[in-house]
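Encoded as structure tokens, the structure appears first; notes follow it.
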Amino acid sequence: MILPREQALELLHSHIKNERMIAHCLASEAVMKAIARKLGQNEEAWAQAGLLHDIDVEQTNADPTIHGPKGAEMLRQMGVDDDIADAVGMHNEMATGRERTTLFQHALAAGETITGLITATTYVYPDRKVASVKPSSVVKRMKEKAFAASVKRENILECELIGIPLADFAALSIAALSEIADEIGL
């Protein structure tokens, strides 16, 4: 089952109170939908995984040893599609000790991680809007030693595993976020 978007939004708001985290989830939804469209996958399912991937983040205090699987368990109890729950459970592989095996799992790891990098950049530089972020600057940041501590470089590079070069992936993500920038305050 894929939840109707209104129901998924209610679920998100019932479990996450931090407005920046909600914005990150909405951003991840937009990026995952764009990735699915590019790859010819189920846009609705992939978008829902992006929207709900951090459903457990406040309950688990983002503890990397349990964050992800707890969210997957929550979604399964609600009857959400197993592929969505599996992708949510695998977006943070530190919690599971398992390797991602599906295109969907790789896409969610890469999509939500680049979303975090781009949104973190706009929060650090509030005068900078997401539309002004260039794909080349994302690629450059990926190579810097002082890379964002909360973002795993390896996860973003999973875009290569789904067949999208990093520069193209950055451009796709920036375009998706630009479409909803006003809604999420970027």
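Taking every residue in region 161-175 that is in contact (Cβ under 8 Å) with a residue 40 or more places away in the chain and pairing it with any residue that is surrounded by fewer than 20 Cβ atoms within 10 Å (Cβ to Cβ), at least 6 positions away or on another chain, the pairs with Cβ-Cβ distances below 6 Å are ILE162/LEU103; ALA170/PRO135. A count restricted to region 4-20 and to residues that are part of a loop (DSSP other than H, G, I, E, B) and free of Cβ contacts under 8 Å to residues at least 24 places away in the same chain stands at 1. Please specify each residue of region 43-62 satisfying the condition of being farther than 17 Å from GLU112 by Cα and either in contact (Cβ under 8 Å) with a residue 24 or more places away in the chain or touching a strand residue (DSSP E or B) at 6+ places or on another chain (Cβ under 9 Å) (or both). If the condition is that a residue be farther than 17 Å from GLU112 by Cα and either in contact (Cβ under 8 Å) with a residue 24 or more places away in the chain or touching a strand residue (DSSP E or B) at 6+ places or on another chain (Cβ under 9 Å) (or both), then GLN59 is the only one that fits. Among the residues of region 98-108, some residue qualifies, meaning at least one is modelled with pLDDT under 90 and of a type outside the set (A, V, I, L, M).
If the condition is being modelled with pLDDT under 95 and basic (Lys, Arg), then region 1-58 contributes only ARG20.
If you go through region 24-43 one residue at a time, do you hit one that is on the phi > 0 side of the Ramachandran plot and touching a helix residue (DSSP H, G or I) at 6+ places or on another chain (Cβ under 6 Å)? For region 24-43, residues on the phi > 0 side of the Ramachandran plot and touching a helix residue (DSSP H, G or I) at 6+ places or on another chain (Cβ under 6 Å): absent.
The values are calculated or read from the model by the stated rules, or taken from the named source; none is laboratory data. What you see is a predicted model, and the numbers here were worked out from it, not measured in a lab. Reconstructed Cβ throughout: ideal geometry from the backbone, glycine too, with neighbour counts over all protein chains shown.
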